[in-house]
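Would you mind keeping the following structure in view while I ask a few things?
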């Protein structure tokens, strides 16, 4: 009775048979072994090695493209690479724009007036067609400062001492320092601004009542010349004004009209004397 191998079903010679039977079985088995080895070699040559080798050519997976981690062809990798490249390009563009905007913002900031805590900017500043407003605090210029409120502006020197203080209230301009004009100081005097015009009479009498004095300013310790406002208030109250602090002032320029008429009266008296 013939017997066979377990795995590949090769025929096994019957023990005690003649040599021709053994030869026939060996030949048949060797043919089967050759066929199996050939098939194994062909399969091995086309198989993907686990490690240590370089794969060339395309790899095709026979899976459903919708299955997770099983792309049927390389196009899925290409699509992913293209999408990634597009996103990288877009990100680079946004980064470039952000850098450009940051550079523009820095350039713009460098040209701005510094806020609290900023580095002090140097150079000149030109304002065209707009206003420069300091809502609170002081404006420092050349070591000194300009300090203002709703009605006052004060100019301080480097030592912190006020050099000039100007007050603007109710249409009046008041300064605690000297007013130097190297041009003409003009006051509105148009006839169209005036009514009830009356020539000054007895101007010489008014002048005789006036008292010119030398004095020293209490606040500046300067020697000056002028009149006393309280005295002038009794003589010509029209040239005396009072500020919000109750301090009196005299419009020295307006006294010119009184002096003009006083000179004219003296001239008439002189003419009469000469005519005798």
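The values are calculated or read from the model by the stated rules, or taken from the named source; none is laboratory data. Given the structure is predicted, the values throughout are model-derived calculations rather than measurements. FYI the Cβ positions are ideal-geometry reconstructions off the backbone, even for glycines, and counts take in every protein chain you see.
Give all pairs with beta carbons closer than 7 Å in which a residue from segment 253-276 that is in contact (Cβ under 8 Å) with a residue 60 or more places away in the chain meets a residue that is surrounded by 10 or more Cβ atoms within 10 Å (Cβ to Cβ); count only pairs at least 6 apart in sequence or on separate chains.
Listed pairs, sorted by first residue: 261/200; 261/203; 265/203; 265/204; 266/204.
Among the residues of segment 214-235, are any over 22 Å from residue 174 (Cβ atoms), outside any helix (DSSP H, G or I) and modelled with pLDDT of 95 or more?
Yes, some residue in segment 214-235 is over 22 Å from residue 174 (Cβ atoms), outside any helix (DSSP H, G or I) and modelled with pLDDT of 95 or more.
Another question about this same structure. Please determine whether any residue of segment 200-215 is within 30 Å of residue 151 (Cβ to Cβ) and outside the structural domain of residue 165 (by TED's automatic domain parsing).
yes
State yes or no: is residue 232 touching a strand residue (DSSP E or B) at 6+ places or on another chain (Cβ under 6 Å), surrounded by 10 or more Cβ atoms within 10 Å (Cβ to Cβ), assigned by TED's automatic domain parsing to the domain that holds residue 266 and on the phi < 0 side of the Ramachandran plot?
Taking the combined requirement at face value, the residue satisfies it.
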